[in-house]
1. Using alpha-carbon pairs under 8 Å, 6+ residues apart, how would you state the relative contact order of region B:93-155 in percent?
2. How fast does region A:45-101 diffuse by Stokes-Einstein, in µm²/s, taking the Kirkwood radius from C-alpha pairs at 4 °C and 1.567 mPa s?
3. Largest first and to the nearest Å, give the Cα extent of region B:196-253 along each principal axis.
4. Sort B:91, A:24, B:197 by Cβ crowding within 10 Å, fewest neighbours at the top.
5. How crowded by other chains is B:78-88, given as the mean number of beta carbons from other chains within 10 Å of each beta carbon?
6. Using only alpha carbon pairs under 8 Å that are at least six residues apart, calculate the relative contact order of chain B and give it in whole percent.
7. Provide, for q = 0.21 Å⁻¹, the log10 of I(q)/I(0) from a solvent-free Debye sum over equal Cα point scatterers in region B:50-145.
8. Using a Förster radius of 41 Å, what is the FRET efficiency between residue B:227 and residue B:12 based on their Cβ-Cβ separation? Nearest 0.05, please.
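Here, each number is a calculation from the coordinates, and none is a lab measurement. Model, not experiment: these values are computed from the prediction. Here the Cβ positions follow ideal geometry from the backbone for every residue, glycine too, while neighbour counts run over all protein chains shown.
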């Protein structure tokens, strides 16, 4: 499938429109839910950390530190990707699957169009902007933590900011973005595969979306483990 | 002209098509008829190259489909038009965009020229005030017209229709049948229609191939079908009392 995606290319004029449409649907359309979840989960991470720091000898700036580490290393790249497997992955599987059951893919094929390139390539390209979503998630996660911590009275603003800046390893952000690129590819290809090769009717579109979500999540979690093993140990 | 030579196809060991040979002639409406499950759709998909045959040859103007490379197949497919059973219109595009799409993909014409040509075809299939409507907003009959317009906009050599009037009322079904026949004559194309609609058989069946359990059981025209003594054909075609009476009257005359 992947080989065919990069096979005979669709006319650039058409491909450009498809890419822009997918950027709008897959990237910009996901910003709202990602921002909402990131902000509140960042807040919860910060509160949970604060509530577990009962020992008065532990500095309060640990709350900011723990929030930053949790959000940048795991929450933003990995867990947002699992959420995106549900949102974006289901959309990709169901939209391609619906085209399959309504014979729209057959219609494209009969016209002599490379349907893999026409349907899947724009999704891969548009998801190259996925690190931008994760960047927003990282920022809002830490910001949510700050708001919850400072306005919840768990630490001062200065302590939290000091914690966020403490022992900062720039490579951790690089590691998160490397993971994100891999996850973006998984998010574009596995749901596309399940949509493209599905059989049956409307009910099977729903089933294919569920199976696609499960497999995308499994692959993301396994890749997360492998990449972490390779890059951080 | 399309020639099928000893076509066989099976799925998981179950034979669906069994040594079918026939010729679909240019400028004629060629009908494939048969009961549900007789292999009509599989046969049509083999002709289109959407399914590979297990054995036998499909020849387009004496050129075997199997021996064509990707580029040759791509060129051939641009010479094909297909009307699907469910119309298969792109639901994110308007009627006009659906019809413009093949030209945008394969011609170097500018948007104004493409739109102009699309509108010529839209007029040809009698679609009125539907250019900016989405497929969801138009009736079944109009969808078929859009599908026909999209299929003929590139002036194809071959037109394939899979049950083009299924789900339509009898009047609209006949209008669609007549439209397909007019287009076949006008553009002098090879038209292959998959149907089990007996009105279509009587109306436009210039050449009819009857499939029974994956085998070609009979071949002839709409005139010959009245006189045939092939039991399988008569049982299928004249299964309703109305058609039985029509046949009796025809034979008496």
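1. Details: 61 pairs, mean separation 31.9, N = 63.
The value is 51 percent.
2. In µm²/s, the coefficient is 93.
3. 33, 20, 19
4. Details: B:91 14, A:24 11, B:197 20.
The fewest-first ordering by Cβ neighbours comes to A:24, B:91, B:197.
5. Details: counts 4, 1, 3, 2, 6, 1, 6, 1, 4, 4, 9.
For this peptide, the per-residue mean of nearby foreign Cβ atoms is 4.
6. On the way: 449 pairs, mean separation 67.5, N = 253.
Worked out over chain B, it gives 27 percent.
7. Values returned for q = 0.21 Å⁻¹ are -1.07.
8. On the way: r = 40 Å, r/R0 = 0.97.
Efficiency at R0 = 41 Å is approximately 0.55.
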